[in-house]
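Data block below; observations after.
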Amino acid sequence: LMERSDIAAGEKVLIVDMTNGERVETFAVRGTGGSGEIVVCGAASKHIHAGDKVGIMAFAWTDGRSGRFSNILVDDKNTFVRYLTEKHGDTI
């Protein structure tokens, strides 16, 4: 999921819990590839719980246009469904 969404390990992310309205800023850590597992550790786990529906946003400050981001849609097992933003040469 991190690769498909262009999120780098250590990158700052905002997790928005659509189940309970909580928002947590943290950083991304690479897990087991292909597992679809999203794990929230430490203090963030007090706000985000197993089974909650979440949105994860990565962002960066820049003085130019990076042009590198991807919005993806996953199913309820966190399996990639499709891109929500166009990638060069793709048709949505």
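Here G34, G21 are screened, and the one residue that is part of a loop (DSSP other than H, G, I, E, B) and modelled with pLDDT of 90 or more is G21.
Cβ separations smaller than 6 Å between residues 6+ apart or across chains give the following pairs from region 41-55 residues that are farther than 18 Å from G31 by Cα to residues that are open to solvent by less than 80 Å² (accessible area, probe 1.4 Å) and outside any strand (DSSP E or B): H47/E22.
For residues that are outside any strand (DSSP E or B) and at pLDDT 90 or above, tally how many sit in region 43-65.
Just the residues of region 43-65 that are outside any strand (DSSP E or B), to begin with: 43-53, 59-65.
Pick out the ones that are also at pLDDT 90 or above and you get 43-53.
Final tally of qualifying residues: 11.
Within region 7-30, the set of residues being open to solvent by 60 Å² or more (accessible area, probe 1.4 Å), more than 19 Å from V81 (Cβ to Cβ) and without any contact (Cβ under 8 Å) to a residue 40 or more places away in the chain comprises A9, T19, N20, E22, R23, E25, F27, V29, R30.
Looking at region 69-92, I want the residues that are open to solvent by less than 70 Å² (accessible area, probe 1.4 Å) and have a partner that is at pLDDT below 90 and outside any loop (DSSP other than H, G, I, E, B) with Cβ atoms under 7 Å, at least 6 apart or on another chain. Which pairs are those? These pairs meet every condition: S70/Y83; I72/Y83; D90/Y83.
The values are calculated or read from the model by the stated rules, or taken from the named source; none is laboratory data. Here the structure is a predicted model, which means the values were calculated and not measured. Using ideal geometry, Cβ is built from the backbone for each residue, glycine included, and neighbour counts are taken over all protein chains shown. Surface accessibility is based on the protein's heavy atoms, side chains included, excluding ligands, DNA and RNA. Shrake-Rupley method; radii C 1.70, N 1.55, O 1.52, S 1.80 Å.
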